[in-house]
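The values are calculated or read from the model by the stated rules, or taken from the named source; none is laboratory data. On a predicted model such as this, the values are computed, not experimentally measured, just so you know. Every residue, glycine as well, gets a Cβ built from its backbone with ideal geometry; the counts of neighbours run over all protein chains shown.
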Amino acid sequence: MSLVILRDPDVVLARLRTPSQEWVEACTGEAGTLFPVIDIEQAGYEGHGDAVGWVAEPAEIFAGHYDPDDEIPESCDCIGVYGGEYQMMEMPTGEISIYNPSGWDSASGMASAHEFASAGHAGAAVSLLAAIVRELDPLDALEDDEAREEALKAALQEIGTFVEALPHDLGGTHFWESATEGLVDHYDTW
């Protein structure tokens with residue numbers, strides 16, 4: 001069984017490269033935004049909660065993670081959390097970086113600078129993840145254990161194959177690795 005949302009990977013890649021409000025709405029039901037404010041518990045993603053909205057001091061948390069020629073952002077706002085890592089929107093560029101507050105010192109927590117080109121690009125990824133979960137949940141609810149395990153295993157392998165094939169220039173590698181790991185942990189069938 002193939003996941004409908006991943007049936008045409010070229011279309012999905014085009015949507016991830018060119019985010020739109022229509023894509024967010026089609027995937028999440030949330031209209032009028034490029035970045036959905038949703039929780040996706042099955043993948044360990046939080047769009048609500050205490051950390052969302054936190055404003056960081058960029059020079060403090062990102063010091064040492066930029067090349068000497070790079071400009072440290074003016075401000076950074078947390079727009080989402082997954083796997084304990086914060087999606088930080090850098091201003092004025094709007095780029096998204098990942099910050100892990102569990103680093104041994106405040107600057108060591110940087111997981112990857114410039115994970116997404118914009119909040120819209122991050123929003124497209126979060127929206128796709130929501131659509132994937134919407135397809136996985138009915139498979140997880142199958143009463144026949146053998147059918148459930150077979151369907152989930154095939155779907156999770158399809159997601160893994162899709163993530164492995166994502167072009168390196170797309171952005172979001174860290175996000176997708178964490179999301180895939182979260183999905184496998186949640187829907188563990190083997």
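Brief remarks on what is shown
- The residue of the range 3-44 that is surrounded by the most Cβ atoms within 10 Å (Cβ to Cβ), among those that are of a type in the set (Lys, Arg) and part of a helix (DSSP H, G or I), is Arg15.
- The range 136-153, subset surrounded by 15 or more Cβ atoms within 10 Å (Cβ to Cβ) and of a type outside the set (Lys, Arg), residue farthest from Gln42 (Cα to Cα): Glu150
- Selected residue (criterion: nearest to Ala147 (Cα to Cα)) from residues of the range 24-46 that are more than 14 Å from the chain's Cα centre (by Cα) and modelled with pLDDT of 90 or more: Ala26
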